[in-house]
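Each remark here refers to the structure printed beneath this line.
A short reminder: the numbers here are calculations on the coordinates, not readings from a lab. All of these numbers come straight from a predicted model, not from anything done at the bench. No Cβ is skipped: glycine too gets one built from the backbone with ideal geometry, and neighbour counts run over all protein chains shown.
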Amino acid sequence: MSNHVYFRLFVIETVVSLNYLFKTQMDILNTPKTLSAAIIALLSLMDVAELQAQTSSAQEIQVTNNASNPTNNTLRAFNLSTIGLKGTPLALPNWAPGELTLDGSQPVTAGLFNYDIYSKLVTVKRSPRDSVVYAIASVKQLILKPNGVAPLRYEHVPGLITDEAALKTDLLRIIHQGTYSLVEFPVKQYIKAPAKQTYGGMGEVSNEFRDESVYYLIRPDHTTERVKLSKKSLTKALKDKGAAFESFVKANSIDFDKEADVAKALAALN
């Protein structure tokens, strides 16, 4: 039973009690106007209480409707998320020894190196407080030599016939160079975290540098084709040399998850 119903019963009981009081003590209240005024006042209070109860009920209904309709502008949403960062714009997660050759200059070997693929900048860290940054347009060759893995060699490859303009201006990682060459076009995409509403605690979302690098096969006539490191994709891109490639792969159990194995199979076509 709601509060305004309880209040109505209370008022009725009070009116009955006052009526009895007025009948037994008319010497104090000897005018019927006093009783009428008291009853009217109590009824007015009852109406006000009922109106407040109805208003409260309407507000409760409004809140319920708002909660079921997230697009309702009467609810304010708060984003308590923390923004993190995944991935890296760099070719390597850590600095590494290397070798940098600029156009018309001798190779630089002193210091530690890294390549910011997203910003297209090569950085040479000569000391903890001294770094030099080079735009890739001035770089002829970059070799990164991280511990425990094969060196990574980046170069410009001139004369390519392709619709991908960046292949003509960016540094490409050379996996195999020969009659048929295999290169990686390094790409880092920055993905901004989507807006996320969190309730009842802190949430976590992350911006991300995503590695979306792709491979290209370069034919003897300098035409290029985007490929995957798979027998089917490379055989198709090799065209008339596809059958010879397949035969070598079958005879030598080439593992297409290993770039070195794919390079070995392409070298057999020289």
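Tabulated data for the structure shown
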{"read-out": "Sequence ranges 250-263, 211-224, ranked by mean other-Cβ count within 10 angstrom, highest first", "value": "211-224, 250-263"}
{"read-out": "Ratio of Rg to Rh over the stretch 108-225 (Cα coordinates, Kirkwood Rh, two decimals)", "value": "1.09"}
{"read-out": "Dipole moment magnitude, nearest 20 debye, the stretch 105-256 about Cα centre, only Lys, Arg, Asp, Glu C-beta charged", "value": "140"}
{"read-out": "Translational D in µm²/s for the stretch 95-157 (Stokes-Einstein at 20 °C, 1.002 mPa s, Kirkwood Rh from C-alpha pairs)", "value": "182"}
{"read-out": "Using a Förster distance of 25 Å, the FRET efficiency for residue 168-residue 131 (Cβ separation, nearest 0.05)", "value": "0.30"}
{"read-out": "Net charge, residue 97 excluded, C-beta distance under 13 Å - Lys, Arg +1, Asp, Glu -1", "value": "+2"}
{"read-out": "Nearest-0.05 FRET efficiency for residue 177 and residue 149, computed from C-beta distance (R0 22 Å)", "value": "0.70"}
{"read-out": "Net length gained if the chain between residue 233 and residue 105 were fully extended (0.36 nm per residue, minus Cα distance)", "value": "42.2 nm"}
{"read-out": "Approximate spin-label separation residue 250-residue 187, in nm, with each point projected 7 Å along Cα-to-Cβ", "value": "3.4"}
{"read-out": "Sequence-distant residues sharing a close amide H with residue 141 (under 5 Å, placed H)", "value": "101"}
{"read-out": "Relative contact order of the stretch 120-270, pairs being alpha-carbon contacts under 8 Å that are 6 or more residues apart, as %", "value": "16"}
{"read-out": "P(r) weight above 20 Å for the stretch 175-270, C-alpha pairs, percent", "value": "46"}
{"read-out": "Farthest positive-ward along the stretch 152-270 dipole, Cα basis, beta-carbon charges - from 195, 161, 229", "value": "229"}
{"read-out": "Computed label-point distance, nm, for sites residue 243 and residue 258 using a 7 Å Cα→Cβ extension", "value": "2.9"}
